[in-house]
Amino acid sequence: MILLRLLIGAIIVIGGIFALAGTIGILRMPDTYSRMQASTCISTMGAIGVLLGAALYAALILHAPGTTVKIVVIGLLILTVNPVGAHAIARGAYRNGVRPENGMKIDDLGRDFYE
Amino acid sequence: MQKNRLSSVLSTFVVCYVFWLLLTWNFSAQELVMGAVVCLCVAWFASRMFIHEDPTWLFKPQKLLALLAYIPLFLRELWKANVDMAKRCFGGCRSINPGIIKVPVEAKGLYAQAMLANSITLTPGTITMDIVSENGKDYYYIHWIDVTTTDRVKAGEIIKGSLEKGVRRIWE
């Protein structure tokens, strides 16, 4: 039982570490798109870690299958909706003329559509 | 479309009803009947928007298995990309090398392309910014945090990894 609790705690902490990495990335990255890339860390591994830990806790310690299912549905919702939003934000930023200050190594989108 | 109307209503109903059962987690007769009525109403209106191609797609065993097999594959790619991205975050702005690159896509069909694009966006380090179709071939414009090669086909292989094969197994 105590081992199980430790395992669940470890999974949640791993999720938290990835969320921390993403947050630090948002603060340190130099341009809009790189910051968005860093934030993806939070919404994937951070969210999956925390929700997986919560789901295991609800299933194995609280014995509440309804709660477990709801947590899994929250996870699925994040995984399906998040990339749509990220794509829309990145595309909107590019269309409104946001460009990295340091330049990019290769810029096919700019070459094909915006010159 | 019109001839598939009944089967698409039915398959939407099944998906809705499974969600209802999972969310309520209550198997008294009252809940079951009420859920069926609500799901039928929703399925009647929503099937047009929910199903565009093949209504019985999810109920084919090999497609469902391919979908289930995609989950561990995707989680492995996600883990690798996340560890890599976390290192870059702690490493600071010297460790990145961003660019937007145009890569060819072999997956056919709107669902397959949307699913592949979403999977690519979900892996940290790559965001799909646009899809274009030229001379019958489709291309993604992908923002990539670490441009290691400017050769577009090779870059596509690195970015898509094993995801594309998994997606094609589901939808083709």
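Projecting each Cα onto the charge dipole of the protein assembly as shown (Lys/Arg +1, Asp/Glu -1 at the beta carbon, about the Cα centre), which of A:V73, B:L110, B:G156 comes out farthest on the positive side?
Farthest towards the positive pole: A:V73.
How long are the semi-axes of the equivalent ellipsoid of chain B, taking √(5λ) for every eigenvalue λ of the Cα gyration tensor, in whole Å from largest down?
Equivalent ellipsoid of chain B: 38, 21, 13 Å, largest first.
How large is the dipole of chain B about the Cα centre if only Lys and Arg carry +1 and Asp and Glu carry -1, each at its Cβ, rounded to the nearest 20 debye? Please list the in-between numbers first.
Details: 19 positive and 14 negative charges, 39 e Å.
Here chain B has a charge dipole of around 180 debye.
Using the Kirkwood radius over Cα pairs, work out the Stokes-Einstein diffusion coefficient for segment B:97-167 at 20 °C and 1.002 mPa s, in µm²/s as a whole number. Spell out each step's value before the answer.
Details: Rh = 12.0 Å.
Here the translational diffusion coefficient equals 179 µm²/s.
What value, in deg cm²/dmol to 500, does the helix sum -39500 (n - 2.57) over DSSP H runs of n ≥ 4 give at 222 nm once divided by the residues of the protein assembly as shown? Intermediate values should be presented prior to the final figure.
Values: 11 runs with 188 residues, N = 287.
-22000 deg cm²/dmol, from helical runs alone.
Rank these for me by crowding, B:D130, B:D54, going from fewest to most other beta carbons within 10 Å.
B:D54, B:D130
Provide the convex hull volume over Cα atoms per residue for chain A, in Å³. List each step's numbers first, then the result.
Numbers: hull volume 11.9 nm³, N = 115.
Measuring per residue, one finds 103 Å³ for the Cα hull of chain A.
Taking the Cα-to-Cβ direction at A:I61 and at B:F45 and moving 7 Å from each Cα, how far apart do the two end points lie in nm?
Modelled inter-label distance: 4.2 nm.
Where in chain B are the DSSP H helices whose C-alpha atoms run 24 Å or more along the long axis and whose mean Kyte hydropathy is at least 0.0? List each step's numbers first, then the result.
Numbers: long enough: B:5-24 (28 Å, 1.67); B:29-50 (30 Å, 1.47); B:61-91 (45 Å, 0.39).
Helices meeting the span and hydropathy rule in chain B are B:5-24, B:29-50, B:61-91.
In what sequence do B:I158, A:I48, B:I142 fall when counting other Cβ within 10 Å, fewest first?
Values: B:I158 15, A:I48 21, B:I142 25.
In order of increasing Cβ crowding within 10 Å: B:I158, A:I48, B:I142.
In segment B:2-56, what is the volume of the convex hull around the alpha carbon atoms, normalised per residue and reported in Å³? Mind showing how you got there, number by number?
Working: hull volume 3.9 nm³, N = 55.
In segment B:2-56, the Cα hull volume divided by residue count equals 71 Å³.
So what is Rg over Rh here for the protein assembly as shown, counting just Cα atoms and using Kirkwood for Rh? Each step should come with its number before you reach the end.
Numbers: Rg = 21.1 Å, Rh = 20.9 Å.
Taking Rh as the inverse mean 1/r over Cα pairs, Rg/Rh reads 1.01.
Quick one: pull the percentage of alpha-carbon pairs in segment B:1-94 with a separation above 18 Å. The partial results should precede the final answer.
On the way: 2791 of 4371 pairs.
Of the Cα pairs, 64 percent sit more than 18 Å apart.
How many angstrom separate the Cα center of segment B:76-130 from the Cα center of segment A:18-43?
Cα centroid to Cα centroid, the span is 13 Å.
Using alpha carbon coordinates only, what is the Rg to Rh ratio of segment A:3-68, with Rh defined as the Kirkwood radius?
Working: Rg = 14.5 Å, Rh = 12.6 Å.
Reported Rg/Rh, Kirkwood definition of Rh: 1.15.
Values quoted throughout were computed directly from the atomic coordinates according to the rules given, and no laboratory measurement underlies them. As the structure is a prediction and not an experimental result, all values here were calculated from the model. No Cβ is skipped: glycine too gets one built from the backbone with ideal geometry, and neighbour counts run over all protein chains shown.
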